[in-house]
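Student: Got a structure for you, written out below as structure tokens; questions coming shortly.
The values are calculated or read from the model by the stated rules, or taken from the named source; none is laboratory data. Bear in mind the structure is a predicted one, so any value in this text is a computation, not a measurement. Cβ placement follows ideal geometry from the backbone for every residue including glycine, while neighbour counts extend to all protein chains displayed.
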Amino acid sequence: MGMDLDQPGGRVTATTPHRARRRGVLRRHKVLVGMTVLLALIVAMGAAAVWYVNDTLGSIDRFESTVKPEQRAERPTAGPAAEALNILLLGTDKGHNEQTIKAELADGEWTRGAFRSDTIMILHIPKDRSTAYLVSIPRDSYVDIPGNGRQKVNAAFSFGGPDLALRTIEDLTGVYIDHTAMVDWDGFKDLTTAIGGVEVEIPESFTSEGRTWTAGTERLEGKRALDYVRTRYGLPNGDFDRIKRQQNFLRATMEKAASQGTLTNPVKLKNLLGTIADNTTVDSGFSTGTMRDLATDLRPIRGDDFVYLTAPFGGYDDVPGVGSVVLLDGPESKALWKALRDDDMARYLEAYQGDRLGSPASVR
């Protein structure tokens, strides 16, 4: 029952040169702009804002998961992993349905194809809460989806919503997911406006799809910010450069949201928290108290403490009825999943350096 959700281009095999292979691996980081800002910064605003923080957290939409215990990965009960936290982050876009995620979930039966999720990440927060790891799983990764055979991983959410996405990621990784959070991409423009725009550095001038980008520093918000993170054509490495732009924009957004001017300005604070809450849906177990406590734990973390990783790439293939897919690297992927399960990411990074985001000036 193959389903090519994204209608990718022509065939590319595992022998594709490295530069070309990197394109398309990890499409979007948009979900991070919402949830990680919320978790990492929401209580760094001072006691005077506690009342509003509680009210905002309580207004976030929540859904009841129907996944049975026997369908879940094993929850760690001892060692550092027992106190680490793993959150599944899903960036959502509407398919052919005009209702909201909240309304879709409230119906009790997921409408197949009503929504898409091309952003799939595991936010791993270690026991010591000293850093955070953001592990992206490319949307075209060829994996087993319970009850649907092997498909692209993003088909899980389209087929069965957050519950099927959760089961698919746990089956793939063996990592127990503590919470699920979904962020609506449509709210991205409002978020950038709420914080007064974000400054990014454009290293080289170029024109793409009728939009001109001039070398130098530019303040982006609203539709212009959306254009920046979506631009692909005109960039030397296509999707790969777009990925770097999205990561770079996230970094700049977090720095701006954490700045004194944003956190101490009542109007900006209210707009920021309200926009995030309006576009976020979490599982019912992710309570107001749990989110507030986690955010408190994460207060010392700053943008430089976030480590951006992508599930190890093994190649491309064409699968009849499915289309062009990403093959994950077997041995390295197993090492990454084990590191997440054991809360031992330092060992993984010592063995595998990964592809890191460079300085702002290096992002095209």
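Student: Looking at the range 313-364 only, could you name the residues that are under 21 Å from the mean Cα position of the chain (by Cα), closer than 30 Å to E201 by Cα and modelled with pLDDT of 85 or more?
Tutor: Correct list: L349 only.
Student: Across the range 295-335, which residue is farthest from T253 (Cα to Cα) among those that are in a helix (DSSP H, G or I) and in contact with a helix residue (DSSP H, G or I) (Cβ under 6 Å, 6 or more places away or on another chain)? Full working, then the answer.
Tutor: Kept after step one, since they are in a helix (DSSP H, G or I), are these residues of the range 295-335: 295-297, 303-305, 330-335.
Of the ones still in play, those that are also in contact with a helix residue (DSSP H, G or I) (Cβ under 6 Å, 6 or more places away or on another chain) are 295, 303, 335.
On the way: A295: 17, G303: 9, A335: 31 Å.
It comes out as A335.
Student: Exactly one of these conditions fails for T231: (1) at pLDDT 80 or above; (2) of a type in the set (V, I, T); (3) over 30 Å from R129 (Cα atoms). Give me its number.
Tutor: Single failed check for T231: (1).
Residue by residue, here is whether (1) over 30 Å from A78 (Cβ atoms); (2) not polar (S, T, N, Q) holds:
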| position | (1), (2) |
| --- | --- |
| E109 | yes, yes |
| S117 | yes, no |
| H124 | no, yes |
| R129 | no, yes |
| R139 | yes, yes |
| F159 | yes, yes |
| L164 | no, yes |
| G196 | yes, yes |
| V200 | yes, yes |
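Okay, residues lined up against (1) surrounded by 16 or more Cβ atoms within 10 Å (Cβ to Cβ); (2) at pLDDT 95 or above; (3) closer than 30 Å to G174 by Cβ; (4) basic (K, R):
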| residue | (1), (2), (3), (4) |
| --- | --- |
| L38 | yes, no, yes, no |
| L41 | yes, no, no, no |
| A47 | no, no, no, no |
| V50 | no, no, no, no |
| E70 | no, yes, yes, no |
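Student: Within the range 86-119, restricting attention to residues that are β-branched (V, I, T) and modelled with pLDDT of 85 or more, which residue is surrounded by the fewest Cβ atoms within 10 Å (Cβ to Cβ)? Break it down stepwise before answering.
Tutor: Taking the range 86-119 first, the residues β-branched (V, I, T) are 87, 92, 100-101, 111, 119.
From what is left, the residues that are modelled with pLDDT of 85 or more are 87, 111.
Details: I87: 23, T111: 14.
So the residue we want is T111.
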